[in-house]
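The values are calculated or read from the model by the stated rules, or taken from the named source; none is laboratory data. Because the structure is a prediction, the values reported are computed rather than measured. Cβ atoms come from the backbone with ideal geometry, glycine included; neighbour counts cover every protein chain shown.
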Amino acid sequence: MKARIGIPAVVMFVCIVLLASAPSAWAHTHRVLTINGQRIEFVVGWVNEPAYANEINAVDFWAHYINATCPQGAESTSCPVYGLDQSLRVAVVLGGQSTTLSFSPNLSDDIPPLFYGEYTAEVEPTVPGTVSFIVFGNIGGTAVNETFTCGPTTFECVDPASEIQFPQLISSGNELQTALSSAQSQITSLQSQVTQMQGTIQTAYTVAAVGVAVGVVGIAAGALAMVRSRGRQPRRNRRKR
């Protein structure tokens, strides 16, 4: 009886351990800052996870006061920081390039809608790879400049779209651009070759025309010389009989 009870208990324990060690489906990174004497928690990640190249997504940014009196005066262990869409922006760094985006407050689906401290900035990553979000600006006049980079303990990096495409893979914009650039280079090379050939043909035509002209002039000169030669022959005197 003890053995029968022990096996399910061990299986349950293993399952709990596996679940506890599995990565969170809501992969965001947390950071607590002290600004103007108040502790504020930043939570940063993607709105849609995992993130794929060439799929519209958005930077997901949450800001809460911790163990502080909310601006509305209600005591709470966590309350939203308002107005950050006016004072903070986010730079997205990916593939060696960066772009700066503005935040928009994201309201809940409640009736009436409520604000829980979430801000989003829409973006469509076009290449897979490591991405960083740089949140900068100011809160209450205090400068803010925080960098959050994707990784195993933070949030999802950008995965290639081929991981979810089915049944046929679709070339990415970069691949199409590369193919287009290659085709344009080939066209330019062919145009250059055609131009060179046209120049060569034109030169051949010119040489041939000059040759024909020289030949005609030579023939004309020869004919003229013959005519003159005949005209200068001495007349024979006829004797009278």
Taking V32, is it modelled with pLDDT of 95 or more and surrounded by 12 or more Cβ atoms within 10 Å (Cβ to Cβ)? no
Could you tell me which of the residues E156, E146 is assigned to a loop (DSSP other than H, G, I, E, B), within 23 Å of F42 (Cβ to Cβ) and in contact (Cβ under 8 Å) with a residue 12 or more places away in the chain? E156
Here the residues within region 72-96 that are surrounded by 17 or more Cβ atoms within 10 Å (Cβ to Cβ) and modelled with pLDDT under 95 are C79, P80, V81
Can you tell me which residues in region 107-137 are over 26 Å from the mean Cα position of the chain (by Cα) and at pLDDT 95 or above? E118
Subset of region 95-129 [in contact with a Cys (Cβ under 8 Å, 6 or more places away or on another chain) and touching a residue at least 40 places away in the same chain (Cβ under 8 Å)]: G117, P128
From the set of residues in region 93-125 that are of a type in the set (D, E, K, R) and part of a strand (DSSP E or B), which is nearest to E146 (Cα to Cα)? E118
